Amino acid sequence: MVGERNTPEGYFSRRDSLMTITTYQVTGMSCGHCETAVRSEVAKIDGVERIDVSATDGVLTIESATPLVDADVLAAVDEAGYDAVRA
């Protein structure tokens, strides 16, 4: 990525600002609708910049401006109808 520099694990630099990458294992998703439901709920959390979710792999990866509170992410995934744990 252009502008990247060495940073602590779980973080990367974009245009001189640190971003946090957090990954969760989500159970119960089976299709694109499931992915959309999770993405929609997680997007409501302050600081979330990017969301990658895969029903096939059961993986949710969130890029955020600041570290996220796990309870907020788990509650959002629960609201979408699924269970998650930090990976």
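The values are calculated or read from the model by the stated rules, or taken from the named source; none is laboratory data. Here the structure is a predicted model, which is why all the values come from computation and not from measurement. Note that each Cβ is placed from the backbone with ideal geometry, even for glycine, and that neighbours are counted across all protein chains shown.
Counting the residues of the range 44-63 that are among the small types (Gly, Ala, Ser) and out of contact with any strand residue (DSSP E or B) (no Cβ under 6 Å at 6 or more places or on another chain) gives 2. Just one residue in the set Val53, Val85 is exposed (fewer than 14 other Cβ atoms within 10 Å of the Cβ) and hydrophobic (A, V, I, L, M, F, W, C); that residue is Val85.
Across the range 37-68, the qualifying residues are those that are among the β-branched types (Val, Ile, Thr) and in contact with a helix residue (DSSP H, G or I) (Cβ under 9 Å, 6 or more places away or on another chain), and the one among them that is farthest from Leu18 (Cα to Cα) is Val38.
At least 2 residues being modelled with pLDDT under 95 and not aromatic (Phe, Trp, Tyr) is the threshold, and among the strands (runs of 3 or more DSSP E) wholly inside the range 10-87 those reaching it are 11-14, 17-27. Pairs linking a residue in the range 71-86 that is hydrophobic (A, V, I, L, M, F, W, C) to a residue that is in a loop (DSSP other than H, G, I, E, B) and at pLDDT 95 or above, with Cβ atoms under 8 Å and 6 or more positions apart or on different chains, are Val73/Ile45; Ala76/Lys44; Ala76/Ile45.
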